[in-house]
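Encoded as structure tokens, the structure appears first; notes follow it.
Only the coordinates and a few stated rules stand behind these numbers; no lab work does. No experiment lies behind these values; they were computed from the predicted model shown. Here the Cβ positions follow ideal geometry from the backbone for every residue, glycine too, while neighbour counts run over all protein chains shown.
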Amino acid sequence: MGKEAPIGFIGLGIMGKPMSRNLMKAGHSLIVYDVVGEAVEEIVTDGAQAASSAKEVAEKTKTIITMLPDGPDVENVVLGHDGVIDGVASGSTLIDMSSISPLVSQKLALECAKKGVEVLDAPVSGGEPKAIDGTLAIMVGGKKAVFDEHVSLLNVMGGSVTLTGDVGAGNVTKLANQIIVALNIAAVGEALVLATKAGVDPAVVFEAIKGGLAGSTVLDVKGPMITEGNFAPGFRIKLHEKDLRNTLLTAESLKVPLPLTSLVQQMLVALMNEGKGDLDHSAIATFTENLAGVESRKKK
């Protein structure tokens with residue numbers, strides 16, 4: 001798609017800000033909205049135009065991107081009062097890049113279709129670092145023709161962009177991704193706690209195993225965060241808990257047992273009850289640390 005027409009962008013949080021900035025760096029003009037005024041001002045300073053509502057964004061653009069915390073937020077922004085649906089014109093496209101329930105994505109597509117609007121669900125993986133670098137993994141659900149029309153736009157924000165099926169398939173893929181990431185972090189946490197309790201420097205263990213079969217992107221990124229005690233949020237625990245909750249609800253509807261996912265989701269709930277919901281999800285490791293009475297930090 002061309003760069004002449006402005007793009008609408010709604011949701012300027014940890015992920016939305018760098019994603020919108022990458023679009024502007026690539027030459028796209030943006031009309032943006034967020035309920036947090038300071039976030040809007042920050043992106044406007046970078047060159048975007050502010051809108052006063054989601055409706056206004058939709059009135060002024062033909063392609064609208066949403067990047068919001070959860071399904072209820074997306075439903076409110078798209079279908080609620082002064083929402084996208086109130087201002088959008090037939091022939092427009094909504095690209096929802098939020099991580100939400102596939103059922104919500106399908107509901108949005110049905111409602112938008114009544115106004116002649118196409119929908120892609122396009123959740124991402126990679127957290128804030130890859131959002132900044134423009135190398136997110138983007139998992140897309142929707143019609144192939146609509147995907148083909150917008151893939152160049154998505155490539156600005158992603159290192160890989162994959163059409164996974166019809167609307168909803170993008171979020172099914174993201175849920176699968178979130179299972180693997182959460183369980184991997186939990187496993188890394190247990191392994192480093194064991195090493196620490198045995199008197200071995202967990203940072204040395206990390207270096208020793210990262211090139212073997214236990215190696216993974218999760219280990220590479222989250223291992224050093226754990227051993228350094230750096231839990232500054234790139235992806236918050238409370239958002240990962242939301243994703244696993246959506247995973248379990250989807251699994252229940254399909255009669256799929258997910259015992260390990262269920263266990264880690266309960267670990268996340270416990271950490272939220274400890275006030276750790278806004279920490280990076282690498283802090284999943286602190287659950288086992290608390291049980292063992294040690295912190296898996298590198299020796300000085």
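Simple rule: put +1 on each Lys or Arg Cβ and -1 on each Asp or Glu Cβ in the chain, find the dipole, and look at 152, 53, 76; the Cα lying farthest toward the positive end is 152. For the residues 281, 81, 28, a GNM of the chain with alpha-carbon springs under 10 Å puts the largest fluctuation on 81. Using only alpha-carbon positions in segment 7-166, the gyration tensor eigenvalues give semi-axes of 20, 19, 14 Å once each is multiplied by 5 and square-rooted (largest first). The lysines whose alpha-carbon is closer than 28 Å to the alpha-carbon of residue 242, local same-chain residues fewer than 8 away aside, are 17, 55, 107, 130, 143, 174, 222, 255, 276.
Partners of residue 300 within straight-line reach, counting aspartates and glutamates whose Cα lies under 18 Å from its Cα and excluding those fewer than 8 residues away in the same chain: 201, 207, 228. Label-to-label distance, residue 295 versus residue 266, with points set 7 angstrom from Cα along the beta-carbon direction: 2.8 nm. Each of 267, 19 has some number of other Cβ atoms within 10 Å of its Cβ, and from fewest to most they run 267, 19. Placing +1 on the Cβ of every Lys and Arg and -1 on the Cβ of every Asp and Glu, with no other charges, gives the chain a dipole of roughly 600 debye about its Cα centre. Beta-bridge orientation, the chain: approximately 15 percent antiparallel, per DSSP, counting only bridges with both partners inside. Summary value for the chain: 14 percent relative contact order, contacts being C-alpha pairs under 8 angstrom separated by 6+ residues.
Pop the C-beta distance of residue 81 and residue 38 into the FRET formula with R0 = 25 Å and round what comes out to the nearest 0.05. Present the calculation step by step, with values, prior to reporting the outcome.
Details: r = 23 Å, r/R0 = 0.92.
For residue 81 and residue 38, the calculated efficiency is 0.60.
As a rough footprinting exposure proxy, the listed residues 235, 9 were ranked by other beta carbons within 10 Å of their own, and the order from fewest upward is 235, 9.
Using a Förster distance of 22 angstrom, determine the FRET efficiency expected from the C-beta separation of residue 115 and residue 49, and round it to 0.05. Efficiency for this residue pair is about 0.40. Arranged from fewest to most other beta-carbon atoms within 10 Å of their beta carbon, 59, 289 become 59, 289. Within the same chain, aspartates and glutamates fewer than 8 places from residue 144 are excluded, and of the rest, those with a Cα less than 19 Å from its Cα are 96, 118, 121, 166. Every Cα-Cα pair in segment 187-300 was counted, and those over 23 Å apart are 32% of them.
Using the Karplus relation 6.51 cos²θ - 1.76 cosθ + 1.60 with θ = phi - 60°, the per-residue 3J(HN,Hα) values for segment 57-65 come to 4, 5, 5, 9, 9, 9, 10, 10, 9 Hz, with x marking Gly and Pro.
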